[in-house]
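A short reminder: the numbers here are calculations on the coordinates, not readings from a lab. Everything numeric in this text was worked out from a predicted model, so none of it was measured. With ideal geometry, Cβ positions are generated from the backbone for all residues, glycine too; neighbour counts draw on all protein chains shown.
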2 protein chains.
Amino acid sequence: MNIKDIARLAGVGLGTVSRVINNHPDVKDETREKVQKIIKENNYIPNNSARNLKKLSSNTIGVLIRGVFNPFFSEMVDIIGKRISQNGYTMLLRHTDYSARGADEIRNLIEFQKEVKLQGIIYLGCDLKEIDNTTFENIEVPLVLASTNSTYNTEVNNFSYVGIKQIESAFIATKYLIERNHKNIGIILGIKEDIGLASERLQGYKEALIKSNIDIKEEFIEYGGYSTRGAYDAAQRLIAKNKNLDSIFCISDIMAVGATKALEDMGIKVGKDISIIGFDGMEISEFYNPSITTIAQPREEMAEHSIAVLLDIIKNKGENRHIVLDTKLIERNSVKK
Amino acid sequence: MNIKDIARLAGVGLGTVSRVINNHPDVKDETREKVQKIIKENNYIPNNSARNLKKLSSNTIGVLIRGVFNPFFSEMVDIIGKRISQNGYTMLLRHTDYSARGADEIRNLIEFQKEVKLQGIIYLGCDLKEIDNTTFENIEVPLVLASTNSTYNTEVNNFSYVGIKQIESAFIATKYLIERNHKNIGIILGIKEDIGLASERLQGYKEALIKSNIDIKEEFIEYGGYSTRGAYDAAQRLIAKNKNLDSIFCISDIMAVGATKALEDMGIKVGKDISIIGFDGMEISEFYNPSITTIAQPREEMAEHSIAVLLDIIKNKGENRHIVLDTKLIERNSVKK
């Protein structure tokens, strides 16, 4: 099926079909409808890369996501996608390899911007350390990093950033446990090598302990590899090392699930014998049994800010901005009352 | 940064840079390394769509996934991706809109095969009803539907299919409950309009009841919209309508989580007072509290078969095949002993 077949079936000339395909106004409504009907019925899609590329170049915003399946970003992509459409743009969604780090991340961005001519890029979950003014010098379109495990000098002004107060949020989680008479507070982090978000959350944990004159103990720090299974094992190790452990702060909800399960399997009642607090505000923290007290990230707000900032820059209505949002502690049943 | 800059920095001619980029053998190792180093340091990516398209066309296998974030497919994509690389091909991953149905699905496939010239397509989660010999007549490359909510005439031979025994699996789940002295067995399906997988699982449920001379009652059938929250509400409705309810079969694990939570919130102990069985074998069924008995789908095996069948066809070593695999009941703690 090609453009000639469509013209023949519709009983019109090639030029007319071409005008319909390219949304040219100079076609009678009746003719347009007839051609569109035939195109649809025959599942005809114009096979013209050049035309597609040209068309895409005018109004496409790229959304790059770290990792193929990260449910954390699901809701954010929904919102960003809707706002992109509402503003007359098209979303081009791509995933990067979860293991990409450092220079690979930059190459992903450059490759992405060359794939089609993008108006701008939102990158969810970018993992770059010590971003400076040279990091993005080869990115030629406006760039917003959102929900990012990155560190940067706040004087850098060639990209925008939308994130949360990492240190303060972890401080609040730990303080919440301390205020409820917990003194022997374990923490389950991701991986030892992590220097971004995880180290900031560890810092918040330590600051809360110091402020309450509680000693920081190495044996209270464990690593769950950001997985449920990993946190299950990490919680068992924490218990084995620390007979007096009274609570655990997990830096993600899916790790809080693993830790809770490990304790329950040992006959330790979470929320009665030992307390657990998570981080993220994922749906499973609400539906787990017991429901898990957590620090909810403002995913919706992060999404709205990301696309708003990007559109402002594209439309020359604004400059790059760095937006850092508050999180919210949601009290449930995994912490002793 | 363009190819001339690379040539200048490397102190070689344009042709040499071009040969390095195109992996042409006629370059000294030392020169190749120098050029590659400069390309890498400068994050230079050849900006030549024609070349990229040509290069992609020779060895690319497309993997299309229904829905942006479906954790069910995560592991399958990992395996398929690995096998694609091992066989010297490149994977091109795309997601389709979760709401796409019928003709939209076909358009997605046609659009995908035109994006670059693919050697073949694996489509995970395709939702097409009554596939016949005309359905895929415009798909010009080998096509494998895997883990698909589709119905088709088994005489159709222009695509391959890898799936599970839906009716039998649901029969086994229901029979398992009956054998453990459950008689008032509710079922939580997805949506009323579903005619594919959900109706087959409902059929298996009904057949098991009939075989044991248990009446099929409309008030035992509920819909949870495939979501945790939806199943939470559906379980509450089942309980409200049926004081004698002794068990629930949920046709997905994330719905089993919602149903379990609803019962626990009502003070009903799952695995003691009422039994729940899920479907899929997702990680959360293992880590939920209580752990959830489920029908595990052979995701790894489905992935291996999908890519094996496709590669056989591409290499002219095999014909289209329809492979239907067994599932496995995993006994945990959500069903009364």
Residues other than B:S306 with Cβ under 13 Å of its Cβ, Lys/Arg counted +1 and Asp/Glu -1, net out at -2
With the charge dipole of the protein assembly as shown built from beta-carbon charges (+1 for Lys and Arg, -1 for Asp and Glu) about the Cα centre, the Cα from B:T293, B:N138, B:I61 projecting farthest to the positive end belongs to B:N138
Of the stretch A:1-32, those with amide N under 18 Å from the point 7 Å along the Cα→Cβ vector of B:K117 are A:1-2
Relative to chain B, whose Cα atoms define the longest principal axis, helix B:166-179 and its Cα axis are tilted in degrees, nearest 10, by 40
Cα-Cα longer than 26 Å, checked against B:K4/B:K40; A:K243/B:K336; A:K269/B:K243; B:K4/B:K37; A:K261/A:K328, kept in input order, equals A:K243/B:K336; A:K269/B:K243
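Would the stretch A:167-297 count as rounded, prolate or oblate if I go by the C-alpha gyration tensor, calling it rounded below 1.5 in a/c and otherwise prolate when a/b exceeds b/c, oblate otherwise?
Here the stretch A:167-297 falls in the rounded category.
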Here, trypsin sites (Lys or Arg not before Pro) of the stretch B:129-219 satisfying both criteria (DSSP loop; at most 12 other Cβ within 10 Å) are B:K192
Counting Lys and Arg as +1 and Asp and Glu as -1 over every other residue whose Cβ sits under 11 Å from the Cβ of A:D246, the net charge comes to +3
Assertion target for B:I268, B:I21, B:I61, ordered by fewest C-beta neighbours within 10 angstrom first, is B:I268, B:I21, B:I61
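Over chain B, what is the percentage of antiparallel beta bridges among all DSSP beta bridges, to the nearest 5? Can you show the working numbers first?
Working: 3 of 42 bridges.
Looking only at bridges with both residues in chain B, the antiparallel portion is about 5 percent.
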Whole-Å distance linking the alpha carbon centroid of the stretch B:2-32 with that of the stretch A:244-319 is 50
Taking Cα atoms only, helix B:253-265 is inclined relative to the longest principal axis of chain B by an angle, in degrees rounded to 10, of 40
Taking chain B and counting helices only, DSSP H stretches of n ≥ 4 at -39,500 (n - 2.57) each over all residues, the nearest-500 ellipticity at 222 nm comes to -13500 deg cm²/dmol
If amide H atoms are modeled at 1.01 Å from N in the peptide plane, then the residues at a separation of 5 or more from A:I323, or on another chain, having amide H under 5 Å from its own are A:Y161, A:V162, A:G163
Between A:R180 and B:L325, the two model label points (7 Å from Cα along the beta-carbon direction) sit apart by a distance in nm of 4.2
Under the 7 Å Cα-to-Cβ spin-label approximation, A:K4 and B:S85 lie apart by a distance in nanometres of 4.4
If labels are modelled 7 Å from Cα along the Cβ direction, B:E30 lies from its partners in the other copies at nm distances, smallest first, of 7.8
Looking along the axis that carries chain B onto chain A, the residue of B whose Cβ comes nearest, with distance in whole Å, is B:N289, 2
For the protein assembly as shown, the percent of all C-alpha pairs falling in each 20 Å bin, from 0 up to the bin holding the max distance, is 16, 44, 34, 6, 0
With +1 on the Cβ of every Lys and Arg and -1 on the Cβ of every Asp and Glu, the dipole magnitude of chain A about its Cα centre, in debye rounded to the nearest 20, is 820
Phi-derived 3J(HN,Hα) across the stretch A:236-245 with the Karplus relation (6.51, -1.76, 1.60, θ = phi - 60°), rounded Hz, x for Gly and Pro, is 4, 5, 4, 5, 5, 7, 10, 4, 9, 3
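Please label the shape of the stretch B:264-330 as rounded, prolate or oblate, based on the square roots a ≥ b ≥ c of the eigenvalues of the alpha-carbon gyration tensor (a/c under 1.5 means rounded; beyond that, a/b larger than b/c means prolate, else oblate).
Verdict is prolate for the stretch B:264-330.
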Chain B: Kirkwood hydrodynamic radius (Cα pairs, Å) comes out at 22.6
Counting only DSSP loop positions in the stretch B:104-187, the GluC sites (Glu not before Pro) whose Cβ has at most 10 other Cβ atoms within 10 Å are B:E155
Charge dipole of chain A built from unit charges on the beta carbon (Lys, Arg +1; Asp, Glu -1), centred at mean Cα; most positive-end Cα among A:L124, A:V12, A:T90 is A:V12
With the dipole of the stretch B:167-297 defined by +1 on each Lys or Arg Cβ and -1 on each Asp or Glu Cβ, the option from B:G258, B:L202, B:I178 whose Cα lies farthest towards the positive pole is B:I178
Computed about the Cα centre, the charge dipole of the stretch A:167-297 from +1 Lys/Arg and -1 Asp/Glu charges at the Cβ has a magnitude in debye, to the nearest 20, of 400
Computed about the Cα centre, the charge dipole of the stretch B:207-258 from +1 Lys/Arg and -1 Asp/Glu charges at the Cβ has a magnitude in debye, to the nearest 20, of 120
at B:T154 the sorted inter-copy label distances (label 7 Å from Cα on Cβ side), in nanometres, are 6.8
So, in nm and shortest first, the distances from B:N42 to its counterparts in the other copies, with label points 7 Å along Cα→Cβ, work out as 4.7
antiparallel share of DSSP beta bridges within the protein assembly as shown, to nearest 5, in %, is 5
